[in-house]
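K.L.:
Before I ask anything, let me first share the structure, which is written out below as structure tokens.
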Amino acid sequence: MTTDVTFEYDESVIGVEVPIGAEEVTAEKIATFCSALGESNPIYTDPAAALAGGYTGLVAPPAILQTLRLDPAPSAKVKFGNTAFHSGMRFEVVEPVLAGDTISVSAQVKEVYAKTGRTGTMVFAVTKFTYRNQHGRTVANTESSTVHRQVER
Amino acid sequence: MNDSSKRWYMDLHSHSTDASDDAGGTVEGYAKWIVARRKRGYQIDGFVLTEHRQYDPDSDYRALSEQYGVSILRGAEVETDIGHVLVYGITPEFVRAFDLRQVSLPHKEVFRVALETGGYAVAAHAGRPRIGLAHYIDDEHMTIDGIQTVEQLNGGSSVDENNVGLALAERFGLKRVGGSDAHYVSAIGRCMTAFGRPIHTVEDLVQELLHGEYYPVTVEQTLEAGAASGERHA
Amino acid sequence: MTASDALGGQRYFDDVESGDEFTDSWSPTGEQVVAFLTVSNRTAPGPNRFTDDEEARKIGMTKAIVPGQMSLCRATDFVTDWMGPSGRLRSIDVNFRRPAVHDEPLKVVGLITDTLDDDGATTVKLDVYFENERGERPLQGVAVVELPRR
């Protein structure tokens, strides 16, 4: 994308996948998550319902992957503006996560680009996360965008 | 029914996944949604794709337009020194005159060249901070020379922002249009412009914007109109 | 629990059509935000934009804001609650176009925009958004869900 804006960032991290941690998704974690978010689909709250629904055990709500305890993802260290916000996420669910699965996560900076919106010129950094289970199968992919911009304080 | 009593409802501002990276709606998704809305009594005749900072002369939605019975026209949303501007009837001369990717095009030139090359320009989401005309008139002391029409009713703006646009239009006697600024399917047609004549081509649109009478409407207002004048798309 | 009990809240492809709408409400409190940050191990020492109004004002916000990931989780749960036990979320893509702030009443909306039967694979596309009382949409997105036939 072309604009008349200049900004600096660390190009060396683009496309380099880095492991950022792993966590077991326990039944307790699922229960805490469902209670915090008000999730009530029975496959996430009742093992019997999950079995009746054709799963082999209690299912984790897909969004629970957003709450795994991880190390910080690699950063492009964008030098632009004076603040940064989360601007969007793309979340693709590949296969269900069940209670007891251990999910390993890797992350990479996918791209950095500039554009102009309602709040002036912004620079976006997109980070891609890959979630794999203990069998090495990808269970989900996420792309998370952070916007850097100047705000009047 | 006497055709002259009907209004023609066009959404003059939309973005799609074909060319706008912040959009989640596809062009076919928009057309399908309009067909579904019509079944529920709403009147939406078509929409104009105004992708951000670009115009692809080769993209062609006529097949989709015919398949779904929806007018699908193309313009662009460019970025100028008085905020964003919607341009309809874009010609090769217009594209040659500006680098549409730039974010601070000279607005007087954009409005003038659009007119001179057979098109028409409208100040987008006039009441929105930083990217709408009112901000530049009120806070940056720019002049309104050469601007005849504003997108006063914008589906992506708050009620307060649209009221700022309305106050601006009334203060300077500007003509007003409406557009959804749809980035997602269910937003298409949320705000539109009611025209007195059918609009099947971009030339029809430019002629109406130049010489016709028109006003902004919400999609709910077309439901009331439909109840009064009968179903048009049955 | 029997299968029929579990499927009591099931949504079926046969029963939905483009234009169908379902809604919920959400007014995330400061306590809920702290609970979310705690469960995801994202608590930072000292006040910050997610927990403190003053810190949020320093970056141009009116009040402390809701983390984007928490909004994504709420939008995702809204869809997975709706689809029922035999539904399957394929994807959800969201944009955070404006910040959601603490205690702001939000209408959570799902709108079916398309239904697709691709050789027996039955999916629906939904627009999902949060709308505040001023008509602004802090979150807007698209979800794709597989639903079974009856």
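Values quoted throughout were computed directly from the atomic coordinates according to the rules given, and no laboratory measurement underlies them. Given the structure is predicted, the values throughout are model-derived calculations rather than measurements. Quick reminder, even Gly has a Cβ in these numbers, built from the backbone with ideal geometry, and neighbours come from all protein chains shown.
K.L.:
Quick check on packing: order A:103-110, C:73-80 by the mean number of other C-beta atoms within 10 Å, highest mean leading.
P.N.:
Values: A:103-110: 19.9, C:73-80: 25.5.
Top of the packing list down: C:73-80, A:103-110.
K.L.:
Which distance in nm do the two modelled labels at B:A63 and A:S40 give, with both placed 7 Å along the Cα-to-Cβ direction?
P.N.:
The two pseudo-label positions are separated by 4.7 nm.
K.L.:
Here's another thing I want to ask about it. In the structure displayed, which of A:K79/A:K115; A:K128/C:K58; A:K77/A:K110; A:K29/C:K63 lie more than 18 Å apart, Cα to Cα?
P.N.:
Numbers: A:K79/A:K115 15 Å; A:K128/C:K58 29 Å; A:K77/A:K110 13 Å; A:K29/C:K63 30 Å.
Checking Cα-Cα distances, A:K128/C:K58; A:K29/C:K63 exceed 18 Å.
K.L.:
Still on this structure: Considering the zone a paramagnetic label at B:D56 would reach in this model (a point 7 Å from Cα along the Cα-to-Cβ line), which residues of the stretch B:103-127 have amide N under 16 Å from it?
P.N.:
none
K.L.:
So how strong a dipole does the protein assembly as shown carry about its Cα centre when Lys and Arg Cβ are +1 and Asp and Glu Cβ are -1, to the nearest 20 debye?
P.N.:
On the way: 52 positive and 78 negative charges, 65 e Å.
Rounded to the nearest 20 debye, it is 320 debye.
K.L.:
Could you compute how fast the stretch C:13-146 diffuses translationally, taking Rh as the Kirkwood radius over C-alpha pairs and applying Stokes-Einstein at 10 °C with viscosity 1.306 mPa s? Give it in µm² per second.
P.N.:
100
K.L.:
When you look at the Cβ of every residue in B:48-60, what mean number of other chain Cβ atoms sits within 10 Å? The partial results should precede the final answer.
P.N.:
Values: counts 0, 0, 0, 0, 4, 5, 0, 0, 0, 0, 0, 0, 0.
Other-chain Cβ atoms within 10 Å of each residue's Cβ, averaged: 1.
K.L.:
Within the stretch C:103-146, list the GluC sites (Glu not before Pro) lying in a DSSP loop whose Cβ has at most 15 other Cβ atoms in a 10 Å radius. Numbers along the way, then the final one.
P.N.:
Working: sites: C:E131, C:E133, C:E136, C:E146; in loops: C:E133, C:E136.
Here the sparse-neighbourhood loop sites are C:E133.
K.L.:
Which one of B:C191, B:A169, B:A126 has its Cα pushed farthest toward the positive end of the charge dipole of chain B, where Lys and Arg give +1 and Asp and Glu give -1 at the Cβ?
P.N.:
B:C191
K.L.:
Let me ask something else about it. Can you give the convex hull volume of the alpha carbon atoms of the stretch C:35-76 per residue, in Å³?
P.N.:
On the way: hull volume 3.0 nm³, N = 42.
Convex hull of Cα atoms, per residue: 71 Å³.
K.L.:
Can you give the FRET efficiency for A:I14 and B:E170, using 1/(1 + (r/R0)^6), R0 = 56 Å, r = Cβ-Cβ distance, to the nearest 0.05? Display every interim value, and only then the final one.
P.N.:
Values: r = 50 Å, r/R0 = 0.90.
So the FRET efficiency works out to roughly 0.65.
K.L.:
Quick one: dipole size for the stretch C:67-131, taken about the Cα centre, charges +1 on Lys/Arg Cβ and -1 on Asp/Glu Cβ, in debye to the nearest 20.
P.N.:
Numbers: 7 positive and 11 negative charges, 43 e Å.
Around 200 debye, computed over the stretch C:67-131.
K.L.:
For an R0 of 60 angstrom, estimate the FRET efficiency from the Cβ-Cβ distance between A:A48 and B:L115 and round to the nearest 0.05. Working shown, then result.
P.N.:
Working: r = 70 Å, r/R0 = 1.16.
For A:A48 and B:L115, the calculated efficiency is 0.30.
K.L.:
Okay, moving on. How would you rank B:16-23, C:54-61, B:173-180, highest first, on the average number of other Cβ atoms within 10 Å across their residues?
P.N.:
Ranked by mean Cβ neighbours within 10 Å, highest first: B:173-180, B:16-23, C:54-61.
K.L.:
Same structure again: Set Lys and Arg Cβ to +1 and Asp and Glu Cβ to -1, take the dipole of the stretch C:13-146 about its Cα centre, and tell me which of C:I112, C:N95, C:G19 lies farthest positive.
P.N.:
So the residue we want is C:N95.
K.L.:
Using all C-alpha to C-alpha distances in the stretch B:3-229, build P(r) with 5 Å bins and read off the rounded percent in each one.
P.N.:
Histogramming the stretch B:3-229 at 5 Å steps yields 1, 7, 16, 21, 21, 18, 10, 4, 1, 0 percent.
K.L.:
At what distance in nm do the modelled label points of C:L116 and C:E31 sit from each other, each positioned 7 Å from its Cα along Cα→Cβ?
P.N.:
Each label point is offset 7 Å from its Cα along the Cβ direction, giving 4.3 nm.
K.L.:
Based only on other Cβ atoms within 10 Å, what is the fewest-to-most ordering of B:H183, B:H84? Numbers along the way, then the final one.
P.N.:
Details: B:H183 24, B:H84 28.
Taking fewest neighbouring Cβ atoms as first place, the list is B:H183, B:H84.
K.L.:
Quick check: pseudo-label points 7 Å beyond the Cα along Cα→Cβ at A:F7 and C:T62, how many nm apart are they?
P.N.:
Roughly 2.7 nm, to one decimal.
K.L.:
Please arrange B:K6, B:K32 by how many other C-beta atoms lie within 10 Å of their C-beta, fewest to most.
P.N.:
Details: B:K6 19, B:K32 22.
The most exposed by this proxy come first: B:K6, B:K32.
K.L.:
Can you tell me how much longer the chain between A:A31 and A:Y113 gets when fully stretched, taken as 0.36 nm per residue apart minus their C-alpha distance, in nm with one decimal? It would help to have the intermediate numbers written out before the result.
P.N.:
Working: separation 82, 0.36 × 82 = 29.52 nm, distance 3.91 nm.
Result for the pair: 25.6 nm of gain on full extension.
K.L.:
Further question on the same structure: Find the centroid of the Cα atoms in the stretch B:1-76 and in the stretch B:144-194, then give the distance between the two in whole Å.
P.N.:
Computed from Cα coordinates, the inter-centre distance equals 17 Å.
K.L.:
Using DSSP, restrict attention to beta bridges with both residues in the stretch B:1-98 and report what percent are antiparallel, rounded to the nearest 5. Could you put the intermediate results ahead of the total?
P.N.:
Numbers: 6 of 15 bridges.
Looking only at bridges with both residues in the stretch B:1-98, the antiparallel portion is about 40 percent.
K.L.:
Set the Förster distance to 25 Å, then compute FRET efficiency between B:R101 and A:E143 from the Cβ-Cβ distance, nearest 0.05. Walk me through the intermediate numbers first.
P.N.:
Numbers: r = 24 Å, r/R0 = 0.94.
After rounding to 0.05, the efficiency reads 0.60.
K.L.:
Can you tell me the relative contact order of chain B? Whole percent, Cα pairs under 8 Å, sequence separation 6 or more. Intermediate values should be presented prior to the final figure.
P.N.:
Values: 531 pairs, mean separation 56.5, N = 234.
Here the relative contact order equals 24 percent.
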